[in-house]
1. Is it the case that segment 305-315 has a residue that's under 19 Å from Tyr679 (Cβ atoms) and modelled with pLDDT of 95 or more?
2. Give segment 237-256 a look and list any residue that's surrounded by 18 or more Cβ atoms within 10 Å (Cβ to Cβ) and of a type outside the set (Asp, Glu), or say none.
3. For segment 217-229, how many residues meet the condition of being in contact with a Gly (Cβ under 9 Å, 6 or more places away or on another chain) and part of a strand (DSSP E or B)?
4. Please state which one of Gly327, Gly238 is over 19 Å from Glu78 (Cα atoms) and either within 20 Å of the chain's Cα centre (by Cα) or not assigned by TED's automatic domain parsing to the domain that holds Leu118 (or both).
5. I'd like to know if segment 271-285 contains one or more residues that are in a strand (DSSP E or B) and either of a type in the set (S, T, N, Q) or in contact with a helix residue (DSSP H, G or I) (Cβ under 7 Å, 6 or more places away or on another chain) (or both).
6. Sort through Ala243, Ala233, Ala247, Ala219 and tell me the only one that's of a type in the set (A, V, I, L, M) and more than 46 Å from the chain's Cα centre (by Cα).
7. Here is a check on your reading of the model: is Lys232 over 27 Å from Ala147 (Cβ atoms), modelled with pLDDT of 85 or more and not in a strand (DSSP E or B)?
Amino acid sequence: MRKFTSVLAATVAIAVMLSIWPAGERSAAAAENVRVGIYLNLPGKYTTTMPAVTLSGTQPLSVGMRNPSGAEAWTTVEPGRLARFTLDDYKVKLGETADFQTALSWLNVLQQSTNAALLTSTSKSGKTIYQVTEGSYATEAQAKAGAAKWGGNAVLTKLLGQNKISIMGPYHLEAGPYASLAEARKVLADAGSAGVDAYIALKKPQGVSPLQYYIHVGAETSQAGLGPIRAKAEAVFGKLAVAGTDAYLQLRDDYTVSKKAGTAASLFLVPGGDAKAWVTTAEDSTIKLSERSERTYRGSFELSSFNDKLAVINDLPIDHYLYAVVGGEMPASWHPEALKAQAVAARSYVRYQGIGFQIANVVDSTLSQVYEGTSRETASTIQAVDATVGEVLTYQGKVIEALFSSNAGGMTADGKEIWGNDVAYLKSVKSPDDVSEKGLYYWYRVTLPNGKVGYVREDLLEDTGKKTAAGSAIMRIKENGTNIRPIPLIQTNVNPVAKADSGTNVIALEKVVQSNENNWVRGPFTSDQLLESLKARVQTPISGSIQSLKVTATGPSGRVTAISINGKTVDIRYPDMLRSALGGLPSTRFEVDETARVTVHGRGDAKKERSGTEQLYVVGADGQTKALNSENFFVMNGSGTIRTATKATSYRFTGTGFGHGLGLSQYGAKGLAEQGYDYQSILKYYYKDITIVKE
């Protein structure tokens, strides 16, 4: 969990929650269930969307609608069969054909560049016709732009042949009702000679008790577009009405996943407006969501149109949610008291949020709390939640926003250091976070014979027993092809500074523990790299290259609250944004090494600061003056400490902690638990003056 909100925002969110919750379920749901946004389109806050999703279960899935009076089961999808969902909106129809392999070739081309392609079937003129569509567009204009794009795809247009790309929309004529699904299917098959798009739809009109079956005729972009097909369709289906505003589920056979003509998934098209499809299964079973890494989830799923995109909400009892959150946020192998502390903090956090995401309490990422379904549940996480059932943290009678982070770096943050305002229960305290370093390797920062500088893990070096004139140890590389890395950490996606072979002598400059959640090194970054990171996050643009970068203010825990660049204070919305603004630092508890900056002493008391643009000269033992052109050089202070400096300007950061540092430190909780603290003592240590109550 990395997100925080203001008290005012949370109060408003709770008011919204009480106004939008289904009336018949308001009290129980607010008290017992949590709504987790898996896919949600909320610009400026959370935008993770998918045009279609695939659900399945080992037990039958019940599919229906949720409305203010409760959830209704309309149909069942048998175990193992896929139930797919998308919106009944605007789509680009690439073409249709009676030949499955031809349709599949179109689909394969689309899927090379989009995840919004569908291969479905309908019945026309007594034949099964396969249709390939793309997109989930909010408007006809957007769909037309999509059609123009696909029309320019030479490979696709060649495969389409005589098929003409067109637009499908959410406007339908309606035949029925029919007494059963079988009857509707028979009418659809017998009426295929109409030659129009027609699909079965499930609907339960207001005031009508039994579920009814209809046939949706046409998929037009407007009401006016239904006119040209009405006469032809009515000649076969009889008198047709315009499909009304009642919630429905349109059914199609979908071959997008299987890619086999004989193996179809059930595709449900969900209309816009207030319609909310509802999927549930047996209480002791789970539902798999294929698009979310094949994860399985407890509870039910709600699928609807929200801000013109498919919204996927997992609705489940809060403690079932916490079974997974505790395991997602903290290793399940940690001390039971640390896990219990995490459970109470996570429960308090979600209770505080209200409907923080308009139709969801929380989302499943670190923007809220890590939630990855049952894959993160273990016996220990379930036990931690069950042992603390109902317990939350309160301050002056109100549930607190129980923020937590991975590692406080030895000292938790004060609220002012992170978002600029004071929070009574979030004060800076010491934290035993060095438990994150247990068992880690040490690394040496070394210089190679060619002047390159980087880090080598301790087990890849051996001491020669020799030292330089300055007293630095001379060490020897043990293996061929040893990577010299920019920071003391193996990063598979970052190129090494250099490689060295066995027998190469190197000079050890310092010894540090492997970068971890407690102590870390990042960089070096060039001016251009930092400017690129800064430009989207500062309120006042920075002009020119970075010549100096200095910490100008820190808070009670030592976290940086302000920096200056080229002598001017960097204008950011709140201090914690410095983490992302400076290239993605783990925390704001850091120091800056301006690698090119050195103080040069001249004759007498003259001193000059070099920032990286001025040429340096050195006087050798022979009295000769030479230009210093090497990439790296080394400066010793009066205490004998050697610092690596660079010819070119760059910025290196060393710091402690991982995350914003507010509230409970997860590694600190582990450390305290191992010292004998119980979970209540841990929570009261990190959150000042709070009370633990059982709801």
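1. No, the conditions are met nowhere in segment 305-315.
2. Phe237, Leu240, Ala243, Ala247, Tyr248, Leu249, Gln250, Leu251, Arg252, Tyr255, Thr256
3. Number satisfying all stated conditions: 3.
4. On inspection, the qualifying residue turns out to be Gly327.
5. The answer is yes, given that some residue of segment 271-285 is in a strand (DSSP E or B) and either of a type in the set (S, T, N, Q) or in contact with a helix residue (DSSP H, G or I) (Cβ under 7 Å, 6 or more places away or on another chain) (or both).
6. Being of a type in the set (A, V, I, L, M) and more than 46 Å from the chain's Cα centre (by Cα) holds for just one of Ala243, Ala233, Ala247, Ala219, which is Ala233.
7. Here the answer is no, as Lys232 does not meet what is asked.
Yes/no per residue for (1) modelled with pLDDT of 95 or more; (2) surrounded by 17 or more Cβ atoms within 10 Å (Cβ to Cβ); (3) at positive phi; (4) in contact with a strand residue (DSSP E or B) (Cβ under 7 Å, 6 or more places away or on another chain):
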position: Gly262; (1), (2), (3), (4): no, no, no, no
position: Val270; (1), (2), (3), (4): yes, yes, no, yes
position: Asp274; (1), (2), (3), (4): no, no, no, no
position: Ser285; (1), (2), (3), (4): yes, no, no, yes
position: Leu289; (1), (2), (3), (4): yes, yes, no, yes
position: Gly299; (1), (2), (3), (4): yes, yes, yes, yes
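The values are calculated or read from the model by the stated rules, or taken from the named source; none is laboratory data. Owing to the predicted nature of the structure, the values given are computational and were not obtained by experimental measurement. All Cβ positions, even for glycine, are placed from backbone atoms using ideal geometry, and neighbour counts span all protein chains on display.
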